[in-house]
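The values are calculated or read from the model by the stated rules, or taken from the named source; none is laboratory data. A quick note: this is a predicted structure, and the numbers were derived from the prediction, not measured. Here the Cβ positions follow ideal geometry from the backbone for every residue, glycine too, while neighbour counts run over all protein chains shown. Note: accessible area is taken over every heavy atom of the protein model, side chains too, but ligands, DNA and RNA are not part of it. Shrake-Rupley method; radii C 1.70, N 1.55, O 1.52, S 1.80 Å.
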Amino acid sequence: MAGVDQRVVIVTGAGGGLGREYAGLLASRGAKVVVNDLGGARDGSGSGSAAADGVVAEIVAAGGQAVANYDSVATAEGAASIVATALEAFGEVHGVVSNAGILRDTSYAKMTDEQWDAVLRVHLDGGYHITHALWPHFREQRFGRIVVATSTTGLYGNFGQANYGAAKLGLVGLINTLAIEGAKYGILANAVAPIAATRMTEDLVSEEVLAKLPPAFVAPVVTQLLTEELPDTGSVFVVGGGQVQRVQQFANAGVTFAEPPAPEVIAERWAEITDMTGAVPGVNPVG
Ligand code: NAI
């Protein structure tokens, strides 16, 4: 199998926006795609089958293979049902794009527990449930490809998106460990922070900027990360508007103390502690 040809890939939240683009490009390259979408509004309210059905119809009309699923990624039952759809339709499953998402933007001062929980449930719990349901299958067949949708909001922050940013960087924490635990089973896990014109971003930036950000610029990178050929794992890519970028955490040498230092000594050495000159990719010292 080369590329994603004959691979079975689940794309969550594929009824529109980026997920639709991922599903379409994957199918055009021979993948068998499970088009999952709850079919709700941008804030996660409502549900329906039309979004997923529409994308499946587009793929089939173009000569591709796809099947729809309307379950929510936010529960273990929903995720199990999505995996069951893949197995019933195609008999196996090789990869997943954990892409489903919602927004409940508000300043932190005004954020309610409900807004926090709703966003964490779909993005972070959703990423957990779908990859956890797939994990035994991937381990058993000694092959799996995981791509999670993170965000520059998680990596760098954005006003009004504390819930969303926390969920999105949580997914990077998830793939960092899945990359380690999956290595000996041929399971690779990466994250893509897309930047694209969809209903999620339509009122956040100007039309002029949106015109430069078609989802088509993101899908080729996601597709490639689902192939057997690409060896990368535990990596984060920012992709949009034609730019494809890798993002990584760096650490400086810091300062090492032989004895517990007095707080005043920390203050004296603070400039050295915070200076990032000569920083190198960080590694987990307790891993
Ligand atoms: P979108 O709103 O068009 O797509 C999200 C899809 O997920 C929708 O079709 C929605 O129905 C579905 N969905 C929501 N909750 C679900 C659930 N519980 N179960 C199953 N499906 C569910 O937005 P877009 O922009 O295509 O977003 C896709 C992903 O990319 C999201 O995770 C988003 O956070 C992420 N992202 C997008 C950026 C952008 O510039 N568009 C920037 C950074 C991240």
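Quick notes
- Rolling a 1.4 Å probe over the protein heavy atoms gives the chain an accessible area of 49 Å² per residue.
- Protein accessible area in the chain, 1.4 Å probe - carbon and sulfur %: 55 percent
- Once you reduce the range 42-58 and the range 221-287 to the center of their Cα atoms, the two points are 38 Å from each other.
- q = 0.10, 0.18, 0.20 Å⁻¹: log10 I(q)/I(0) that the Debye formula gives for the range 115-218, counting C-alpha atoms only: -0.33, -0.91, -1.03
- Over all other residues within a Cβ to Cβ distance under 14 Å of R104, the charged ones net out to -1, with Lys and Arg as +1 and Asp and Glu as -1.
- Inverse of mean 1/r across different Cα pairs in the range 15-80, Kirkwood, Å: 11.9 Å
- Amide H to amide H, with H built 1.01 Å from N, G240 comes under 5 Å of I195, counting only residues 5 or more places away or on other chains.
- With every protein chain in place and a 1.4 angstrom probe, the accessible-area ranking of V97, V247, largest first, reads V247, V97.
- Protection proxy ranking, peptides 151-158, 220-227, 186-193, average beta carbon neighbours within 10 Å, highest first: 186-193, 220-227, 151-158
- Of the peptides 10-22, 169-181, the order by per-residue mean of other Cβ atoms within 10 Å, starting with the highest, comes out as 10-22, 169-181.
- Highest-MSF residue in the chain out of P261, P194, P136 [GNM, Cα springs under 10 Å]: P261
- Of all DSSP-defined beta bridges confined to the chain, some 20% are antiparallel rather than parallel.
- Segments 37-50, 262-275 sorted - mean Cβ within 10 Å per residue, highest first: 37-50, 262-275
- Rg/Rh for the chain, where both radii come from Cα atoms and Rh is the Kirkwood radius: 1.02
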